[in-house]
Each structure stands twice: as C-alpha cells, then as structure tokens.
Amino acid sequence: MTTIGDPTGVTVQDAILRADKVTMRFGGLIANREVDFVIPRGGIVSLIGPNGAGKTTFFNQLTGMLQPTSGEITFEDTSLVGRTPHEIVELGVGRTFQNIRLFGAMTVLANVMVGHHVRMKASWWGSLLRLPAVRAEEEATRQRARELLEMVGLSRRYEEDWAKNLPYGDQRRLELARALASEPKLLLLDEPTAGMNPGETAQMTELIMRLRDELDLTVLLIEHDMKVVMGISERITVLDHGELLAEGKPDEIRANPSVIEAYLGKGATTA
C-alpha cells in the first residue's frame, strides 16, 4: 500500500479530503496503486513527480473525470466516488487545467460568470420569463465576476474582450478566476505556472498564496517548477510510477536522495 499524506499531525477533523487505497488501472497498466492521501484544511500541498508518475490521473479521480478502479475518496464527509464532475464542483472542489480550457469565443467576463453557474438558483422558466429575481441574481453574478477579475489582477478593460485574445499569462489568471467563481473550498491547480516567464511565475505564486489566505481556501497543486514548489508548499508529496516516493516539508524533499535520483537519474546521489 502507498501512503501519501500520512496523517502525522493531521487528524480526521483537520482533513478536508482523504483518499484511501485509491487504485487506477487502465487494462494492464496501473496508474495509481493503493494511494492513501490526506489534505489538511487550509494548507497548500504540492504533488510532484517525473512525467508519467500518475499525478494528473490522481487529480482526475479527485474531480470525477476518472472513476477509480478501487478505493475511496472523501471530501469533508461526502464520498466523491461515482459522482460527476459537476456534482463535485457543487460540493466545493474547483480546478484548473494544465492545458487552458477557456471558452475562447466568449468574453472574459462571461467566462467567469459561467464558473458561477453551479451556485445560481434560477429555474429555466424563470430565466425564460426574465423574472425580477433572475435579473437580480444575474447582476449579482456579474458583479462578483468583476470582483474576481480584479482579485486575480485582470483589468476591467479586458472584460468585454474575447478570452482567446488575452495574452497567455492573463489566460491563466482568467482560468483561475473562473475556478474561483464556483466558490470552492478546495482548489486543485494543474501546472498553474506552465508556460509563464519568470516574472509571471513569481506573480502567480504570490497570487495563489494570497488567495488561499483571503478566501480561506485549501490548495493542492501539480507543478514541475521546483522553485515554485519549494516556495509555496507547506507539504510536498512525490509520486513515481503511481506510488509514493517521498513526502515531507520542502527542506526534507529537497535533500531526499530518492527524489534527487528520480528527477536526475540513477547515480545522481552518489556522483
């Protein structure tokens, strides 16, 4: 059994998400093998590992895009296994993607408003008739979207631009704002600084930390930039071939010979 997030210092009450013996098989390939994982409420946790280590597969199981072959995933007191991505978002789990998935031919503001759809209460017939309550809810959603755009550092002058016309770094910020619009308790970030230059990366790192504090979020991220990982994480878990390789605080991971070998190749720790 692979134990990730061994709850040393993390009680059941402290954990916002728990995975127990989660296994994912694709035919004869085992992407994750009996993974146990605990995310402490309010923490920033990074999941790292070489390409093919099973990180994104694990993310996709947490968000309902893949159903585990076996095992249990519990968010607060609710099982996520068998639930759709939409249902999991409603429970309070939001995410971004490694490859940006914006609605390119929709405006910046509309992209964020779409993210809030799971929290809207209007019925289809109320929307059709444009009842006063529906109009009020739409306006509140529009104002919240503007607040989130400002929060992630996007100028209001962009709100009527098509999303696909934004610079790459701003598209990353927009995707983050859209995820925040769903009002998550747990935010999963898949390669949030991928493709960014050093300045943009530093700004995104600072933004994630600020959002965690201001919005009382818990954050789990996959990231290949070790400077980002070491600078932002309170705890790091390393996967290799779907199994736990190491876990601990940034300083412990940085000095771990098994981690160095996995990233740099066999013999790196003895050279």
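The values are calculated or read from the model by the stated rules, or taken from the named source; none is laboratory data. No experiment lies behind these values; they were computed from the predicted model shown. Every residue, glycine as well, gets a Cβ built from its backbone with ideal geometry; the counts of neighbours run over all protein chains shown.
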Exactly one of (1) surrounded by fewer than 19 Cβ atoms within 10 Å (Cβ to Cβ); (2) modelled with pLDDT under 90 is unmet by GLY49. Its number? (1)
I need the full set of residues from segment 184-196 which are at pLDDT 95 or above and surrounded by fewer than 23 Cβ atoms within 10 Å (Cβ to Cβ), in order please. PRO184, LYS185, LEU186
Residue hits (segment 91-106; part of a strand (DSSP E or B) and either without any contact (Cβ under 8 Å) to a residue 40 or more places away in the chain or of a type in the set (D, E, K, R) (or both)) are ARG95
Out of the residues in segment 118-133 that are within 26 Å of LYS185 (Cα to Cα) and modelled with pLDDT under 70, which is surrounded by the most Cβ atoms within 10 Å (Cβ to Cβ)? ALA122
Positions within segment 141-165 being within 13 Å of ARG178 (Cα to Cα) and either surrounded by fewer than 13 Cβ atoms within 10 Å (Cβ to Cβ) or without any contact (Cβ under 8 Å) to a residue 24 or more places away in the chain (or both), in sequence order: GLU147, GLU150
Only one of GLU150, GLU175 is under 12 Å from LEU109 (Cβ atoms), under 21 Å from the mean Cα position of the chain (by Cα), acidic (Asp, Glu) and assigned to a helix (DSSP H, G or I); which? GLU150
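For every residue, the table says whether it meets (1) under 23 Å from PHE103 (Cβ atoms); (2) at pLDDT 90 or above; (3) not assigned by TED's automatic domain parsing to the domain that holds GLU147.
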{"residue": "ARG178", "(1), (2), (3)": "yes, yes, no"}
{"residue": "PRO198", "(1), (2), (3)": "no, yes, yes"}
{"residue": "LEU207", "(1), (2), (3)": "yes, yes, yes"}
{"residue": "VAL229", "(1), (2), (3)": "no, yes, yes"}
{"residue": "ILE232", "(1), (2), (3)": "no, yes, yes"}
{"residue": "LEU245", "(1), (2), (3)": "no, no, yes"}
{"residue": "GLU261", "(1), (2), (3)": "no, no, yes"}
{"residue": "THR269", "(1), (2), (3)": "no, no, yes"}
Scan segment 203-218 and tell me whether some residue there is closer than 20 Å to GLY92 by Cα and assigned to a strand (DSSP E or B). yes
Can you find a residue in segment 61-71 that is part of a strand (DSSP E or B), more than 20 Å from ILE236 (Cα to Cα), touching a residue at least 24 places away in the same chain (Cβ under 8 Å) and in the same structural domain as SER233 (by TED's automatic domain parsing)? yes
Regarding ILE88, is this residue touching a helix residue (DSSP H, G or I) at 6+ places or on another chain (Cβ under 9 Å), crowded, with 21+ Cβ neighbours inside 10 Å and part of a helix (DSSP H, G or I)? yes
